[in-house]
Amino acid sequence: MLHSVKLAYRSLARSRGFTAVAILTLALGIGMNTAMFSLLNGFLLRPLSYPHSEKLFRLDRITPQNPQENHASANFLDLAKDTTDFAELAAYRFWAFTVSETGQPPDVPVAASVTLNFFKVLGTKVALGRGFLPGEDQAGKDQVVLISNRYWQKRFNGAADVIGRVVRLDGTPARIIGVLPASDDAARWLGPVGLYRPFVFTNEEKTNRKDASLGVIGRYHNGMSTSEASARFDTLAQHLAADHPAENAGMKFGVRSLQSTSLSGPGRTMTFLLVGLSGFVLLIACANLANLLLARTIARAREFSIRAALGASRSHLLKPLFAECLLLAGAGGAAAILVSAWTTEWLGHKLSGDPTDPLNFPADTRVLLFTLFASIATALLFGVGPAWWAVRADLNSSLKSGSRGATETRAQLRYRQLLIVVQFALSLVLLAGAGFFIRGVQRLIRNEAGWNPSGLITGTLNLASAKYNSAEPIIAFHTALRNRLLELPGVENASVSFEEPLFTAPAQRDYLVEGRADPTPGKGATAYTNGVSASYFDTVGTRLLRGRLIDQTDQLKSRPVVVINDAMARALFPNGDALGHRLGVSGQAGPLWGEIVGIVEDVKPLQVRPSPIVFQVYKPFTQEAWQYVTIAVRAKDPALAPTLLDPIRKAVAALDPDQPVTNFMPAPERIEQDMNAWTTIDQLLILFSALGLLLAALGIYGVILRHVSQRTGEIGIRMALGAQMTDILTLVLGGGLRLAGTGVTIGLVGGIILGKFLTSEMPAFGGSAFAPVAIAGAVLAAVAMIASYLPARRATKVDPTVALRSE
């Protein structure tokens with residue numbers, strides 16, 4: 001075998017051009033597949049770092065409105081007591097804490113309040129310091145925090161003396177007691193949480209079964225299976241529904257492994273899809289290399305025939321060919337690791353959203369085994385066909401061919417043509433997928449969303465401190481801030497709200513219409529509720545359809561009013577105007593009715609999979625003041641919006657120097673940031689398509705060129721008998737275009753199927769799949785025309801005399 005490897009190495013060294021093209025093709029094909037597998041492995045396949053992670057699960061509350069809803073605090077407390085015999089439950093809730101220190105700028109990290117047993121359930125032990133102690137979930141004793149390893153490095157530069165350091169959380173002193181290990185996997189399933197604080201259940205929360213804001217995880221006890229636990233949770237759901245039907249009727253529980261929550265929804269679908277489409281690139285590369293190797297084998301047919309005539313067995317003929325394939329696959333696989341490393345590094349920066357803290361997709365054993373498997377499988381795929389024809393060569397015809405070289409048989413020609421058809425079909429699917437995403441992302445960004453991001457600046461403020469412990473100081477702060485902002489040169493309008501229109505409002509509530517029978521529990525009119533200040537709609541650019549907007553007259557002690565969106569008005573009041581009717585929140589004892597005073601156009605948040613909840617309710621911010629809010633400022637000239645960032649920050653600092661403005665940027669930039677993952681997928685698919693297109697073009701060029709060289713005598717005879725250049729061009733071009741046309745026709749079917757699948761998974765992209773598929777087909781046809789024209793043009797230069805003399 002070693003002798004065969006030496007022969008193979010010498011043979012490849014003599015054909016440096018072929019070898020370089022083969023290794024580059026393999027490096028790109030295998031490298032892209034390895035990078036996509038690294039993505040899949042990093043998000044989904046690699047087990048969570050927690051001990052016995054297979055026992056960890058997430059508990060979902062299933063309602064008619066949402067199959068994966070969070071839990072109300074009172075329900076969780078009941079469940080935690082009733083499940084102690086088969087599982088231990090822990091809860092968390094995301095919360096915004098402003099972290100401030102003397103001499104340091106304030107910061108608002110991603111934070112969570114967690115029950116004391118949260119890290120015990122996960123099995124996480126702190127790397128520095130200690131964890132939470134019993135009693136630290138009581139009011140006044142909860143001023144302790146744990147920080148993640150990433151936040152420790154980013155905020156505190158990895159300082160060893162961070163344990164015991166006192167920072168201010170929302171203006172209240174809190175002591176850092178521990179740092180989590182770098183191996184902690186919370187970022188995969190929970191998100192980039194930097195700070196954890198003990199959850200303190202207030203007396204109100206202990207009885208609240210309506211506000212579903214708690215995420216719940218758990219760990220099974222030894223011997224408990226998922227099916228047994230699911231049956232127990234079904235029983236507990238029935239008990240809660242029977243004991244508290246107003247809030248829990250129709251409720252069920254769903255159990256998912258914590259591992260499966262690492263990536264969900266469209267992101268999970270797209271990860272698998274990218275792995276599949278990168279496989280198309282590898283198949284196209286294999287087809288191209290099989291074509292190259294077959295042409296090389298045919299050119300060496302006389303060599304193989306002489307060796308066979310001298311007594312070489314089939315195994316002796318096959319060994320050097322397979323050795324060549326393995327050498328190429330090995331070199332291609334080694335180069336693919338570099339391509340994969342560069343690609344995953346680029347993806348880590350693009351997908352993290354923070355250039356200073358990129359995601360990491362380590363090349364663990366799974367990734368290396370995948371690369372090895374892909375390399376060996378590729379060697380077999382592109383090496384079997386050429387090797388099979390080499391050992392079946394006709395000795396007599398090969399030896400008779402003399403110095404003219406061998407002519408491929410009809411079967412060999414059909415095999416090469418089949419490879420071209422496959423390449424074009426797969427290339428069209430790649431092009432169609434890229435076109436679908438390019439068009440979908442642009443449509444989503446430019447869609448008539450019910451608001452105008454041009455010239456709009458947004459940011460978030462967190463007033464959660466002792467200075468703003470009631471509605472009056474919060475309202476006073478924002479009133480003063482709005483007045484300062486309106487005085488800034490270049491500012492047209494300003495407002496405050498729970499959330500900006502880019503996202504769905506955080507408050508999800510069920511509403512009743514006064515005077516109508518209460519709906520069945522769980523079947524009410526569910527709407528996203530946003531608290532907004534005066535001039536909010538003018539600031540964000542949402543049009544009034546009927547009635548009036550929330551204005552300065554709507555104060556804390558004024559009569560409650562609401563504004564609803566057009567979809568809610570048409571659904572609840574199909575036979576008349578909604579104005580004058582009153583809405584109340586379901587589940588409250590004696591709901592506080594708010595009069596509908598206005599109807600505005602529907603706002604569509606930028607989501608690839610829109611929420612099933614389409615109703616929207618707006619109430620005066622003065623009548624429900626929140627501490628964590630969004631400010632919005634509209635510039636008179638959109639082009640000058642970036643120049644207002646610094647004056648706005650100074651206006652906030654003038655009112656409260658400890659108050660940071662986070663996520664502060666022009667709305668178009670925020671949209672671009674929020675759509676970053678989808679534009680990254682765009683770029684990947686464009687890269688896949690470009691590689692597939694290039695390889696398909698090279699493939700058809702090589703086949704047509706080879707075919708022309710073999711038909712030189714026939715072409716000379718045709719020209720001697722009077723054939724014109726156009727006749728020769730038509731003859732050669734027709735062959736190439738027929739191959740491309742067959743591949744495009746097959747690919748059209750695959751492209752349409754892919755388009756329909758993507759539309760079902762990402763409805764916001766919407767539209768027919770025909771346009772991107774048709775464009776992809778046109779691009780491939782043009783490429784096939786160019787790739788076929790070059791050999792055809794060469795055929796027209798054939799000198800009939802020279803061609804006939806060679807025969």
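Among strands (runs of 3 or more DSSP E) entirely within the range 67-108, having at least 3 residues that are surrounded by fewer than 19 Cβ atoms within 10 Å (Cβ to Cβ) singles out 87-96, 104-107. The condition of being at pLDDT 80 or above and not basic (Lys, Arg) holds for only one of Gly330, Gly383, that being Gly330.
Okay, residues lined up against (1) among the β-branched types (Val, Ile, Thr); (2) at pLDDT 90 or above; (3) over 20 Å from the mean Cα position of the chain (by Cα); (4) within 30 Å of Asn157 (Cα to Cα):
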residue	(1), (2), (3), (4)
Pro181	no, yes, yes, yes
Ala187	no, no, no, yes
Val193	yes, yes, no, yes
Ala212	no, no, yes, no
Leu236	no, yes, yes, no
Gly265	no, no, no, no
Met270	no, no, no, no
Gly276	no, no, no, no
Phe280	no, no, no, no
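Scanning the range 33-54 for residues that are under 17 Å from Arg256 (Cβ atoms) and open to solvent by less than 50 Å² (accessible area, probe 1.4 Å) gives Phe43, Leu44, Leu48, Tyr50, Ser53.
Is it the case that the range 756-774 has a residue that's of a type in the set (D, E, K, R), at pLDDT 80 or above and in a helix (DSSP H, G or I)?
Yes; the residues of the range 756-774 include at least one that is of a type in the set (D, E, K, R), at pLDDT 80 or above and in a helix (DSSP H, G or I).
Residues that are β-branched (Val, Ile, Thr) and more than 19 Å from Thr124 (Cβ to Cβ) were ranked within the range 141-197; the one that is surrounded by the fewest Cβ atoms within 10 Å (Cβ to Cβ) is Val166. Which ones in the range 485-521 are in contact (Cβ under 8 Å) with a residue 60 or more places away in the chain, within 30 Å of His244 (Cβ to Cβ) and hydrophobic (A, V, I, L, M, F, W, C)? Selection gives Phe498, Ala505, Leu512, Val513. Across the range 162-176, the number of residues qualifying as more than 13 Å from Pro109 (Cβ to Cβ) and either touching a helix residue (DSSP H, G or I) at 6+ places or on another chain (Cβ under 6 Å) or not small (Gly, Ala, Ser) (or both) comes to 9.
I'm checking my understanding of the structure. Among residues of the range 613-649 that are hydroxyl-bearing (Ser, Thr, Tyr) and open to solvent by 30 Å² or more (accessible area, probe 1.4 Å), which one is farthest from the chain's Cα centre (by Cα)? Looking at the filtered set, the residue picked out is Thr643.
Would you check which residues across the range 461-484 are in contact with a Ser or Thr (Cβ under 9 Å, 6 or more places away or on another chain) and either of a type in the set (Gly, Ala, Ser) or without any contact (Cβ under 8 Å) to a residue 60 or more places away in the chain (or both) and list them? Residues satisfying the conditions are Ala464, Ser465, Ala466, Ala471, Thr479, Arg482. Looking at the range 704-724, is at least one residue within 23 Å of Pro791 (Cβ to Cβ), modelled with pLDDT of 75 or more, of a type in the set (A, V, I, L, M) and part of a helix (DSSP H, G or I)? Checked against the condition, which is being within 23 Å of Pro791 (Cβ to Cβ), modelled with pLDDT of 75 or more, of a type in the set (A, V, I, L, M) and part of a helix (DSSP H, G or I), the range 704-724 yields no hits at all.
The values are calculated or read from the model by the stated rules, or taken from the named source; none is laboratory data. A quick note: this is a predicted structure, and the numbers were derived from the prediction, not measured. Methodologically, a virtual Cβ is constructed for each residue, glycine included, from the backbone with ideal geometry; neighbour enumeration extends over all protein chains shown. Just so you know, the surface numbers come from the protein's heavy atoms only, side chains and all, with ligands and any DNA or RNA stripped out. Shrake-Rupley method; radii C 1.70, N 1.55, O 1.52, S 1.80 Å.
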